[in-house]
Number of protein chains: 2
Amino acid sequence: MLPENLLAGQMMHRPLRVGDILEYAAEIHPDGEIVTAAVEGGLHRATYPALRTRVARLAHGLRAMGIGAGDRVATLAWNTQRHFELYYAIAGIGAVCHTINPRLSADQFTYIVNHAGDRAIFFDSTFTPLLEALWGRMPDGLIPVELCAPGHVTAHTIPDVRAYEDLFEHSDSFDWPDFSEEAACALCYTSGTTGDPKGVLYSHRAMVLHSLFLMASAQSTYRAGNRILPVVPLFHANAWGIPYAAPLAGCSIVMPGPRLDGASLWELMNGEEVGTAYGVPTVWLGLLDEMDRRGAVPKGLREVVIGGSAAPRPMIERFMADYGVDVIHGWGMTEMSPVGTLSALTARMEKWPLQERIDLKARQGRRMFGVDLKIVDDAGSRLPHDGLATGELFVRGNAVVSGYFENAAASISAFDAEGWFATGDVAAISEDGFLMIADRTKDLIKSGGEWISSLDVESIAMGHPGVANCAVIAIPHPKWDERPLLVVQKALGTDPEVDELRAHVGKHLASWQVPDDVVFVDELPLTATGKVSKLELRLRFKDHAIERTPG
Amino acid sequence: MLPENLLAGQMMHRPLRVGDILEYAAEIHPDGEIVTAAVEGGLHRATYPALRTRVARLAHGLRAMGIGAGDRVATLAWNTQRHFELYYAIAGIGAVCHTINPRLSADQFTYIVNHAGDRAIFFDSTFTPLLEALWGRMPDGLIPVELCAPGHVTAHTIPDVRAYEDLFEHSDSFDWPDFSEEAACALCYTSGTTGDPKGVLYSHRAMVLHSLFLMASAQSTYRAGNRILPVVPLFHANAWGIPYAAPLAGCSIVMPGPRLDGASLWELMNGEEVGTAYGVPTVWLGLLDEMDRRGAVPKGLREVVIGGSAAPRPMIERFMADYGVDVIHGWGMTEMSPVGTLSALTARMEKWPLQERIDLKARQGRRMFGVDLKIVDDAGSRLPHDGLATGELFVRGNAVVSGYFENAAASISAFDAEGWFATGDVAAISEDGFLMIADRTKDLIKSGGEWISSLDVESIAMGHPGVANCAVIAIPHPKWDERPLLVVQKALGTDPEVDELRAHVGKHLASWQVPDDVVFVDELPLTATGKVSKLELRLRFKDHAIERTPG
């Protein structure tokens, strides 16, 4: 019901804008800094007051280029200080920072730059070959800017490339425009497995609120003085909100640049005393191996935030049991700005025995303030949060997408009648609020009328010492409709056998849920966001014959 | 400038409402609780899940009483669980919780209940005599509810008084209405020194944002598991935001009820392991004396937040140097929801020597995220933040008043041409963002064309061991226009003399700034919010003859 006689409060209504975050950080957290492992090598440092000045100078440069309110400006860049500066300068003048995933296919890349109608593109020198190859397919009038010092431009086949550092004008302050908190500040396309990528258009209000919600919910991370390393890229889903939330809280950011192997990360984290590191599971396999090799945790490392894909329990156990590093398991989506849930425990749970805490951490966590979750059955009716009922997960909140950019068709199908966003995940929610993702709706395997969760099988298979990484996909089957196939990347120096792996899975699951076959690959194919590409695996193994009778 | 071609973001717009805070606390921080030193004695406990249920039941009761959206509902109550429940149940149905300061004069009390147009009044039994005496002057149809168990009503001369616990209906859930974040949720009148009290009408948006801003800025306080004791009353300026921010962060609240003397507070804090306690300076004098007497800090006490009036440096020193308890000095106003600044230090400053940190803490602190500060000269021009320039302080922000409730005259004069709120304080702001309140505009003393800060003189006088509390007021003077008079409440067991105190002040200030005379009082008169009433002192000493020639 909507009450009719409401009394309006009499408080100022100031627009929530991301520019206010950097202003605040420069004033209140002047010791905070961005440290960058530069693309060209070496470490570069800048404090928030210095960054405020650089962002003001860059904003003058953007204006001089003809960039105005509402314009989309593309970035094709690693995690660096310059990328951070672009976030704030572009948003500050009312334009839209369109971060592009460099791992997209040529067709997807071309599609989104044209679909977004980008006016300029800022790119790291690493991506010069990529951009040169596709330049002919870019929109007319796109202004190319290489993220480099004057005289260091490498993109010689593209006409009129400017050097980033040439844009900086000499005025140290900028008269930032006043505009509504509903204005867009950023744009990110999701690399969907079907159809063209879809654009999520973030508003200033959503970004500021998402940052504030993180303050309330990720308390162990967002404390003044903490040093945060985002391995999660700034080109994807706002790097989980770190570029906004870290300066607001007074945390420093350590930007890893392009070198994301375990040894490089270990060295950087150890030298910079990173307290919290964010990344997808595959990244942490590399770091853990490096920690094993050295027998040491990088100095200062307190916690690792794992998201993007479900964190396998053995990985959580290695961090927590072997090394005493806490794990925060997160779940979210590009469409959610992106954080939905975090596995911070209650004070009471923190006193539980280690193995029970690891069990909790293997779940996806509990909702961040400002995010509402519901699970529904096939008819759309709400299911109880009892840890048992499993249904499609819908979300709602101030940092959740309300439609896709210039894509009415995709927008219509993404929401239910109550206006909640359909995540495409299948999940249960426990009585104490823990989200347990069962699977992606499209990753479930239907065998003889029963569902098999590929995620469950993968999680168990990962516990076998011979498995470095794995994926379970559905193979068409004449009798059972679909049957599971386990695709395994072997751990270094191991040589597990098919029956050994099947027996391992069979110890934990019903016999009909055990994959009928196991195939070994040198490397699992990854999507542009670093997740295992089941789409590609399904294509590769679509004719794989299943001989065995299940059960 | 306002950009014309802005692109609107495509994110959901969910109203920010205070009811979402308790819902979140019940789900994510189920161990959090409210502990109340009950008015009738003993301790009472309720967890956030239990409180969510009680608030739902109370909301049914309010509806059954005929309370609807936009209605004002008065409270006349101590810091208790029931008062907390009223905050949420009233706001949840779209009505407005009007907290009344029981120390107001009879005329002021009568004025505000009638001005607010309250539909009901909820009162602690302590206030039965007060309400009985004034009942004839209350508005027609005001529904009286005593905060007590069934059968324990004491207000027998008031017709049809209901017992609070009788209102609770048996449905454990409530279908909370949907409404705009701009709706009013609370109302608090400021006890101005001139004219009638003025009403500040808080919106849901302002309260939620104020809570989130506190998460970002008061990081040492708002951590899950911390236990917060508000000596600051719930009837005044939202108890500095604690009733909203504490559940959001997962902190418990220890409510002291009516017993606020040093010994009672020490016992309660020690037993409940309070980590953070909030109060005005006078309250902490009592606690410090009790700590001296016992030679012990209450168990678990980490920090004390001091606001309401400037915290004297000697008080900060006693906490920090003698007892190792950190001090957060805060500044704010009812019109600011109320927090403006907090003296949290930067990581670098935390490493400074103790005496230098105490010097920083003696300032009012740095701005909370979401609060903008400016100081201006008499012509309204902005002054630099250089620690030297002193001017009238103006503020702006999402939790700052935009006008007074049903009071157009007061609303017009409270804002400057840019729409900033005039605080009535005179201040400097240092380069590193510390606010240094010089005085209230009306508390400055103008002597021979020069200003004397009563606050400076008071702060120095408080450093004399013979001074328990003091105030400096202006006395009219034929030659010098005004001259300062120091009014002193002696410390127990001491007997300082006039010349001794004058000499003490003269060691730190110019001779013409030294009060010409000192008078001793048994007890300083307090305003309804516990500050020293300079208005009353000015009246009492208006004919006090100043004989001495200054300088």
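Which one of these is touching a strand residue (DSSP E or B) at 6+ places or on another chain (Cβ under 8 Å) and over 27 Å from A:MET333 (Cβ atoms): A:VAL518, A:VAL457, A:VAL532, A:VAL487?
A:VAL518
Taking the range A:415-451 as the range and being without any contact (Cβ under 8 Å) to a residue 40 or more places away in the chain and either in a loop (DSSP other than H, G, I, E, B) or more than 15 Å from A:ALA310 (Cβ to Cβ) (or both) as the test, the residues that pass are A:PHE415, A:ALA417, A:GLU418, A:GLY419, A:ALA422, A:LEU444, A:ILE445, A:LYS446, A:GLY449, A:TRP451.
Just one residue in the set A:ILE67, A:ILE34 is part of a loop (DSSP other than H, G, I, E, B) and buried (at least 19 other Cβ atoms within 10 Å of the Cβ); that residue is A:ILE67. Go over the candidates B:GLU458, B:GLU450, B:GLU431 one by one and state the one that is in contact with a Cys (Cβ under 9 Å, 6 or more places away or on another chain) and of a type outside the set (A, V, I, L, M). After applying the criteria, what remains is B:GLU458. Taken together, the residues in the range A:292-309 that are surrounded by fewer than 21 Cβ atoms within 10 Å (Cβ to Cβ) and touching a Pro at 6+ places or on another chain (Cβ under 9 Å) amount to 1. Scanning the range B:507-543 for residues that are among the hydroxyl-bearing types (Ser, Thr, Tyr) and farther than 14 Å from B:ALA471 by Cα yields B:SER511, B:THR529. Confirm whether A:THR47 is within 19 Å of B:HIS385 (Cα to Cα), touching a residue at least 12 places away in the same chain (Cβ under 8 Å) and polar (S, T, N, Q). Answer is no for this residue. Quick one: is A:ARG45 outside any helix (DSSP H, G or I), facing chain B (nearest Cβ under 8 Å) and either under 22 Å from the mean Cα position of the chain (by Cα) or among the basic types (Lys, Arg) (or both)? So A:ARG45 does not fit the description; no.
Take the residues in the range B:38-63 that are in contact with a His (Cβ under 8 Å, 6 or more places away or on another chain) and not charged (D, E, K, R), then tell me which one is surrounded by the fewest Cβ atoms within 10 Å (Cβ to Cβ). Only one residue tops the list, namely B:ALA38. Scanning the range A:447-454 turns up no residue that is surrounded by fewer than 17 Cβ atoms within 10 Å (Cβ to Cβ), modelled with pLDDT under 90 and over 15 Å from A:ASP481 (Cβ atoms). The single condition from (1) away from chain B (no Cβ under 13 Å); (2) surrounded by fewer than 20 Cβ atoms within 10 Å (Cβ to Cβ); (3) modelled with pLDDT of 95 or more that A:LEU393 fails is (2). Would you call A:SER203 within 9 Å of chain B (Cβ to nearest Cβ) and either modelled with pLDDT of 95 or more or within 23 Å of A:SER411 (Cα to Cα) (or both)? It is true that A:SER203 is within 9 Å of chain B (Cβ to nearest Cβ) and either modelled with pLDDT of 95 or more or within 23 Å of A:SER411 (Cα to Cα) (or both). The set of residues in the range A:105-143 being under 18 Å from A:GLU406 (Cβ atoms) and under 21 Å from the mean Cα position of the chain (by Cα) consists of A:GLN108, A:PHE109, A:ILE112, A:VAL113, A:ALA116.
Could we say that A:LEU147 is surrounded by 20 or more Cβ atoms within 10 Å (Cβ to Cβ), away from chain B (no Cβ under 14 Å) and touching a residue at least 60 places away in the same chain (Cβ under 8 Å) here? Here the answer is yes, as A:LEU147 does meet what is asked. On the given criteria, is B:GLY262 within 20 Å of the chain's Cα centre (by Cα), more than 14 Å from chain A (Cβ to nearest Cβ) and surrounded by fewer than 21 Cβ atoms within 10 Å (Cβ to Cβ)? Yes, satisfied.
Answer yes or no: is there a residue in the range A:127-138 that is more than 24 Å from A:THR36 (Cβ to Cβ), of a type in the set (Gly, Ala, Ser), modelled with pLDDT of 95 or more and assigned to a helix (DSSP H, G or I).
yes
A search for C-beta distances below 6 Å between a residue of the range A:9-28 that is more than 9 Å from chain B (Cβ to nearest Cβ) and assigned to a loop (DSSP other than H, G, I, E, B) and any residue that is buried (at least 24 other Cβ atoms within 10 Å of the Cβ) and hydrophobic (A, V, I, L, M, F, W, C), counting only pairs 6+ apart in sequence or on different chains, returns A:VAL18/A:ALA91; A:VAL18/A:CYS185; A:VAL18/A:MET207.
The residues listed here are A:VAL35, A:VAL39; of these, the one that is over 27 Å from B:LEU345 (Cβ atoms), in contact with a helix residue (DSSP H, G or I) (Cβ under 7 Å, 6 or more places away or on another chain) and away from chain B (no Cβ under 14 Å) is A:VAL39. Annotation: of all residues in the range A:10-63 being over 22 Å from B:GLU418 (Cβ atoms) and of a type in the set (Asp, Glu), the one that is modelled with the lowest pLDDT is A:GLU40.
Per the conditions (1) under 14 Å from A:SER447 (Cα atoms); (2) without any contact (Cβ under 8 Å) to a residue 40 or more places away in the chain; (3) among the small types (Gly, Ala, Ser); (4) crowded, with 16+ Cβ neighbours inside 10 Å, the sole criterion not satisfied by A:ALA474 is (2). Can you confirm whether B:LEU167 is modelled with pLDDT of 95 or more and within 14 Å of another protein chain (Cβ to nearest Cβ)? Judged against the criteria, B:LEU167 is not a match.
The values are calculated or read from the model by the stated rules, or taken from the named source; none is laboratory data. Quick caveat: nothing in here was measured; it's all calculated off a predicted structure. Don't worry about glycine lacking a Cβ; one is built from the backbone with ideal geometry, like all the others, and counts go over all protein chains shown.
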